[in-house]
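What follows is calculated from the coordinates using simple rules that are stated; it is not laboratory data. In this text, all values refer to a predicted model and were calculated from it rather than measured experimentally. As a convention, Cβ positions derive from the backbone with ideal geometry for all residues, glycine included, and neighbour counts pool all protein chains shown.
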Amino acid sequence: MEQNYEFFFTAYSENSKKYLVFLAKYSTIVMDFLMYFNCGLSCVGLFLNVFHMFILTRKSMRTSSVNILLVGIAVSDIINLMYNIYHDLPLLLKRYIIPTKGYYLGWFNKFIDSFQAMSRIVSPWLGVVMALTWLLIVYFPLNSKFDKLTEPLFAFISIVLFLFFSLITGGRGIFNLSISATGTWTPKESCGYLTNYTEPEYGLVLSEWALVDITSFLAYLNATFKNLPAVILPFLTIVLISGIKKAQTRRKKLHAGNEDSSKDNTTQLVTIMTVFLVISESTVAMTVLLQALVIGFSTDRTFLLFSRYIITNFYTIFNLLITINSTVHCIICMRLSSQYKQCVMKCFPCIQSKRNEQRIVSTGGKELIQTVSVSPHSVSALPSPIIKTTAV
C-alpha cells in the first residue's frame, strides 16, 4: 500500500508541499533499496567475520592486546550482523502468513534485542581502548610502563569491563521488560487460515516491579554511553595521526630504516580502523541527536511525525555505514598485518602454494622465466628468495 505523503504537509503551500512530498517519497525508495543491500552485505560480512574470528583466536595471534580487542570487536560485529539479517530478511521476503509477534518469539526478541544493543555499545568502546592504547605507545615509545597495555590481560579486562557496563545500560531490557499481550493478529485471506481466525500479539512492556525513575536514568545513561565514542574517536584519530607523523620524522632522523615495520603496520591498522569507526559512529550519533532535538523543540505534531519519518530513513541509510565498518575489519587486517597473513597461510596451506609465482622478465632482448620459491616457515625472516632462471 502506497504511503499518502501529502498527509504530513496539509499546512504548507502547494509549492512547498510538492517538494516535501518528493523528498519523502524518494527517501523511502532509497531506504528500501538500502535495506536490501544492507541485508546482503550483512550476509557477506557475517561470513568474513566468522573467518576473521577464527584466525584471531589461533594461538599465534593471542599474543597482544590489539588482537584480543579485535576478537571482542569481531564478536560484537557478528551479533550486530546476525541481528540485521534476522530483522531485515522477514521484511524483505514479506512472509506475513505466520504470526510475527507470538509469545515465544517475543521472549526470543527480548534477548536478541538486548544482545544487539550491548554489541553496539561494546564494539566502539573497544575501538576507543585500542586507539588510546596505541596512542600512548606512539607518544611514549621508551616508557616501559605502557608495555603492559600491549599484553593480552589488559584486553581481557577491558572487554569484561565494557560487557558489564553494556549489560547495565544496553542490556537492561533483559531485567526490566516482560512479555504481555498488545493486540490481535488477523491473517490475510491469502494465507489460507479459517474465517475469523485470530491470535493474540505479544510485545515488550515495562515490568511491574521495574522502577520508572531507575529505568529513565538507565535510558539516559545508555544514550550517553552509546554516543560518547562518536565524540572521543575523532579527537583520538587526529592525535594518533599527528603522533604517527612525528614518529616517522624521528625515525628518519635516527636512520632507523625498516627495523620497526611491524609496529608501523600495527599503528596503521589501528588508525584505519579508528577512522572507519569515526565515520560510522558519528553519522548515526548525529541522527539520534537530531531526532532528540526535533522531539524536544517541535510543537507542530504533523511536522514532528514527518521529521521522525525522515530521520528514521536517514538512520537506516547511516546504519549501512556500520555494516560496512563491520565487514571491512577482516580485509584491513589481511592488508596491513603480516602476523595475520602468516597465520592465514599456516591455517590454509593452499594459499601458501600460490605464493610460488612465475614472472617473465625481459632482459637484453631475451625473456627469462623466474620462479620464486618462498618457504612457509621463513616468511618473516627470509634473507633472499631462491630464484631459478630459465632462458626462453
Query raised in the report: Mind listing the phi-derived Karplus ³J(HN,Hα) values for region 69-81, rounded to whole Hz, using 6.51, -1.76 and 1.60 with θ = phi - 60°, and x for any glycine or proline?
Result: 5, 5, 5, x, 5, 5, 4, 4, 5, 4, 4, 5, 5
Report task. Calculate one ³J(HN,Hα) per residue across region 238-244 by plugging θ = phi - 60° into the Karplus curve 6.51 cos²θ - 1.76 cosθ + 1.60, and present them in order as whole Hz with x for glycine and proline. Result -> 4, 5, 5, 5, 4, x, 5
Report summary line: Listed by chain and number, the residues whose amide H is under 5 Å from that of Ser180, excluding neighbours fewer than 5 places away on the same chain and using placed H, are Gly203, Val205
Query raised in the report: If you plug each phi of region 107-121 into the Karplus form 6.51 cos²θ - 1.76 cosθ + 1.60 with θ = phi - 60°, what whole-Hz ³J(HN,Hα) values come out, in order, with x for Gly and Pro?
Result: 5, 4, 5, 4, 6, 5, 5, 5, 5, 5, 5, 5, 5, 6, 8
Query raised in the report: Quick one: Tyr197, Tyr83, Tyr139, fewest Cβ neighbours within 10 Å first, how do they rank?
Result: Tyr197, Tyr139, Tyr83
